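**Q** Okay, here's the structure, questions in a sec.
Here, each number is a calculation from the coordinates, and none is a lab measurement. Bear in mind the structure is a predicted one, so any value in this text is a computation, not a measurement. Cβ placement follows ideal geometry from the backbone for every residue including glycine, while neighbour counts extend to all protein chains displayed.
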Amino acid sequence: MTRRNAIGVAPRPDDWPVLLTKLGEMFRNDYDWSKDVPAIKAPTLLVLGDADAVRTAHAVQFFELLGGGKKDGGWDGSGISNARLAILPGLAH
């Protein structure tokens, strides 16, 4: 890929080391968002591949924290939460 083509994909390719440094710092810190997730009231769609880095069990836990999967949706849909979960077969990120 020429530099000209790379600019269309990454406007500042020289910043790649900066991104990697920031990602490294982020991944070295433990984080647990489970206490904050239930406060999200916006409609939320979680989309993951079944071969993704996130385990499907964790996706289901996150979905449940958003209020999804807690009860039957009901014949009239009144029990359906604002959260949606899509696990796509045979895909990774």
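**Q** Using only Cα atoms, tell me the angle between helix 16-28 and the longest principal axis of the chain; keep it within 0 to 90° and round to the nearest 10.
**A** In the chain, helix 16-28 runs at an angle near 40 degrees to the longest axis.
**Q** Size of the dipole of the chain about the Cα centre, Lys and Arg at +1 and Asp and Glu at -1 on the beta carbon, nothing else charged, in debye to 20?
**A** Values: 11 positive and 11 negative charges, 57 e Å.
The dipole of the chain has a size of about 280 debye.
**Q** Shifting gears a bit: Could you compute the FRET efficiency for residue 56 and residue 25, with r as their C-beta to C-beta distance and R0 at 22 Å, rounded to 0.05?
**A** Working: r = 28 Å, r/R0 = 1.27.
With a Förster radius of 22 Å, E is 0.20.
**Q** Okay, next question. Show me 63-69, 9-15 ranked by packing, highest mean number of other Cβ atoms within 10 Å first. Walk me through the intermediate numbers first.
**A** On the way: 63-69: 18.1, 9-15: 9.6.
Ranked by mean Cβ neighbours within 10 Å, highest first: 63-69, 9-15.
**Q** Could I ask something else about it? Could you pull out the trypsin sites (Lys or Arg not before Pro) across the chain that fall in loop regions by DSSP (anything but H, G, I, E, B) with no more than 16 other Cβ atoms inside 10 Å?
**A** Answer by residue number: 35, 41, 55, 70, 71.
**Q** Out of 29, 16, 60, whose Cα points farthest toward the positive end of the dipole of the chain (charges: +1 Lys, Arg; -1 Asp, Glu; placed on Cβ)?
**A** 16
**Q** Suppose a student asked you for the relative contact order of the chain, using Cα pairs under 8 Å spaced at least 6 residues apart; what percent would you report? Mind dumping the intermediate values first?
**A** On the way: 93 pairs, mean separation 28.6, N = 93.
Reported as a whole number, the value is 31 percent.
**Q** In degrees, nearest 10, range 0 to 90: what is the angle between the Cα axis of helix 56-65 and the longest Cα principal axis of the chain?
**A** 60 degrees
**Q** Rounded if a/c is under 1.5, else prolate if a/b is larger than b/c, else oblate: which is the chain, with a ≥ b ≥ c the root eigenvalues of its Cα gyration tensor? Kindly include the intermediate steps, with their values, before the conclusion.
**A** Numbers: a/c = 2.64, a/b = 2.01, b/c = 1.32.
Prolate is the answer for the chain, as a/c is 1.5 or above and a/b outweighs b/c.
**Q** Tell me, in nm to one decimal, what length is gained between residue 16 and residue 78 on full extension, where the rule is 0.36 nm per residue of separation less the Cα-Cα distance? Numbers along the way, then the final one.
**A** Numbers: separation 62, 0.36 × 62 = 22.32 nm, distance 4.72 nm.
Separation in residues times 0.36 nm, less the Cα-Cα distance, equals 17.6 nm.
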